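Peer 1: Structure below; questions to follow.
What follows is calculated from the coordinates using simple rules that are stated; it is not laboratory data. This structure is a prediction, so every number in the text was calculated from the model and none was measured. Neighbour counts are summed over all protein chains in view; Cβ atoms, including those assigned to glycine, are modelled from backbone coordinates with ideal geometry.
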Amino acid sequence: MYLYNDVDQQLVHDRVACFRGQMERFLGGRLSEDDFRPLRLQNGLYVQRHSPMLRVAIPYGLLSSRQLRMLAHIARTYDRGYGHFTTRCNVQFNWVRLNQAPDILAELASVQMHAIQTSGNCIRNITCDALAGVAADEIFDPRPYCEIARQWSTLAPEFMFLPRKFKIAFAGGAEDRAAIRFYDIGLWARRTADGTPGFEVFVGGGMGRTPMLGHSVKTFLPGTELLNYLTAILHVYNRHGRRDNKYKARLKILVKDLTLAGFAAEVEAEWRHLRGGLDTIPAETVAALQALFANPAYATSGRDGVADAPPPANREFSRWQTRNVTRHRHPDYAIVTLSLKKTGSPPGDATAQQMETAADLAERFSAGELRVTHEQNLLLPHVARKYLFELWAIAVSQGLATPNSGLLTDLVCCPGGDFCALANARSIPVATAIQQRFDDLATLFDLGPLELKLSGCVNSCGHHHLGHIGILGVDKNDAEWYQVTLGGREGNDSRIGRVIGPAFAARDIPAVIEKIVGVYLARRHPGEIFIDTFVRIGIEPFKSGVYGAGHGRID
């Protein structure tokens, strides 16, 4: 995995020292709240409903066991013993003290971590396919390009005060596992017939109050031109993006206003001046980074692989293998999901003890490496199949082995109104109620893949627009209500969910989900998953199932 060089390390240390001085001036009354706000935001520090919250960057979702141990230490020392992993592969600490934030950042810097640009109107933490480097369908590993883009965007003056926040994601496989069409810029690995690596470029995606799918603006961009083309897009955005209305300031609105063709023409004109320039990426730079992202040496079958000893017969272990173990490009290895979705625990939350256990598992079974997924789980990318049963037994003991990956109770959920000052409604109690209603493995396995995502407000931190079933908290006459969408989908056939009708009270949501599931069970074809049934029969049968034949409100 990528390790800091001397320049990287000095940058984060200097940044901590700078922010410590800014914090001292603010607490001493020599810096106004208005002047301090952008400074704290670009160091990941929010003021939430009950306490300051610190958002820590996990670039392209990659963590070492040492770094995860530091996150556990911070949770135990500076917070209330846990952290929250987000849909953008960051981790949030919800109960930090303002004056201790520089101390936390200093400890993070000691393990090559930071909170730079995890907020503010800048290029945010760059995300990536969680299976990068190990997926069986990978075209090429995009992480070296992610790192190049991270270095290019970090503290770049031109990109620090954009019209609005800006998000970039990379996908490396034949299957899009990074939801790239929901980002300002999505980059999908491609190769030409002669093997030249590059990207298909998507622009103008996003969720929030105006969800839009990104559109392909360039079918093939040579990898060498990545930074030049990204710079061209950012130049156009900085020049034309609205700054008078934050609700119309995202890139997706600009693309819509200019039309895709008009936007593309602006970018191409800008790129003509940049192409082949100083930001062209030399082949030796890519090669050097590829070496840093090289996978560990894998043992062969019969020595440290699957053929040595079959696992004992165990129904619970078999269920876990079915849902939480993914095919690896090496036949004797597997990719393991450590679930952060045990019923009764807020989705995405991990205690300090769980983080330390996950770090132990990474060191024993996965070459010290973990990933954070945008489904709010942890992932071990290098596990010899021989050791799956041993790993599972340890994960079970710490509540990290719920066998529900991709199933209904593996739901995605933002912190919502329990923490976030922007939220219209609480998310966590609704998520818990749904998990409790469907806390039966036989039922979950019968339902099959079904993605439910829940957000406490229109900012869509819970990615509800992507959910096969989406739930959005809304404010109605100063009360919490929940709007339900159906048919969202990420991946190669990305879709935005559609609202089924009037919103519901929190107490009704588990029953509503039950009715939706009932329609699916009654109408599905053999082997047909929920989203495919929805696409085939449309939204009307679900509306009738929830509201009644006349589409009146549910009782």
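Peer 1: How many percent of DSSP beta bridges within the range 399-555 run antiparallel, rounded to 5? Numbers along the way, then the final one.
Peer 2: Working: 13 of 19 bridges.
Within the range 399-555, antiparallel bridges account for around 70 percent of the total.
Peer 1: Still on this model: What is the spin-label model distance, in nm, from ASP6 to ARG315 if the labels are put 7 Å beyond Cα along the C-beta direction?
Peer 2: Going from the ASP6 label point to the ARG315 one covers 6.2 nm.
Peer 1: Now, a different point. Please state the relative contact order of the chain as a whole percent: Cα pairs under 8 Å, 6+ residues apart?
Peer 2: On the way: 1173 pairs, mean separation 68.2, N = 555.
Reported as a whole number, the value is 12 percent.
Peer 1: How many nm is it between the label spots at LEU213 and GLU24, if each spot is 7 Å from the Cα in line with the beta carbon?
Peer 2: Calculated label separation equals 5.4 nm.
Peer 1: Once you have a ≥ b ≥ c as the square roots of the Cα gyration tensor eigenvalues for the range 412-547, tell me rounded if a/c is under 1.5, and otherwise prolate or oblate according to whether a/b is larger than b/c. Please report the intermediate quantities before stating the final value.
Peer 2: Details: a/c = 1.67, a/b = 1.57, b/c = 1.06.
Prolate, because a/c is 1.5 or more and a/b exceeds b/c.
Peer 1: From the list (1) 21, 57, 22, 0; (2) 18, 45, 27, 9, 1; (3) 18, 38, 27, 14, 2, 0, can you say which value of P(r) over Cα pairs in 20 Å bins from 0, in percent was derived from the structure given?
Peer 2: Entry (1).
Peer 1: Determine the relative contact order of the range 315-397: mean sequence separation of Cα pairs under 8 Å and six or more apart, normalised by residue count, in whole percent. If you can, show how the numbers build up before the last one.
Peer 2: Numbers: 98 pairs, mean separation 26.1, N = 83.
Relative contact order comes out at 31 percent.
Peer 1: Shifting gears a bit: Compute the FRET efficiency between ALA549 and HIS50 as 1/(1 + (r/R0)^6), taking r as their Cβ-Cβ distance and R0 = 45 Å, and round to the nearest 0.05.
Peer 2: Numbers: r = 45 Å, r/R0 = 1.00.
Here the calculated transfer efficiency is 0.50.
Peer 1: Here's another thing I want to ask about it. What's log10 of I(q)/I(0) for the range 309-391 at q = 0.11, 0.15, 0.22, 0.23 Å⁻¹, Debye sum over Cα points only, no solvent?
Peer 2: The calculated log intensity ratios at q = 0.11, 0.15, 0.22, 0.23 Å⁻¹ are -0.29, -0.54, -1.14, -1.23.
Peer 1: Sticking with this structure for a sec: Among the DSSP beta bridges whose two residues both lie in the chain, what percent are antiparallel, rounded to the nearest 5?
Peer 2: Values: 52 of 65 bridges.
If we restrict to bridges inside the chain, about 80 percent are antiparallel.
Peer 1: Just want to confirm a number: the relative contact order over the range 412-547, from Cα pairs under 8 angstrom separated by 6+ residues, in percent. Don't jump to the answer; show the numbers that get you there.
Peer 2: Working: 260 pairs, mean separation 26.4, N = 136.
Reported relative contact order: 19 percent.
Peer 1: I've got another one for you. Return the FRET efficiency for the residue pair ASN245, VAL535: r is the Cβ-Cβ distance, R0 is 41 Å, and the value is rounded to the nearest 0.05.
Peer 2: Values: r = 35 Å, r/R0 = 0.86.
Once rounded, the FRET efficiency stands at 0.70.
Peer 1: Once you measure Cβ to Cβ distances between cysteines in the chain, which Cys have no partner under 4.7 Å?
Peer 2: CYS18, CYS89, CYS122, CYS128, CYS146, CYS413, CYS420, CYS457
Peer 1: Next question. Using per-residue counts of other Cβ atoms within 10 Å, averaged over each peptide, order 177-183, 361-367 from highest down.
Peer 2: Working: 177-183: 26.1, 361-367: 20.9.
Listed from highest to lowest mean packing, they are 177-183, 361-367.
Peer 1: Please give the contour-minus-distance gain from ASP439 to VAL396: 0.36 nm per residue of separation, less the Cα-Cα distance, rounded to one decimal in nm.
Peer 2: Working: separation 43, 0.36 × 43 = 15.48 nm, distance 1.63 nm.
Result: 13.9 nm gained on full extension.
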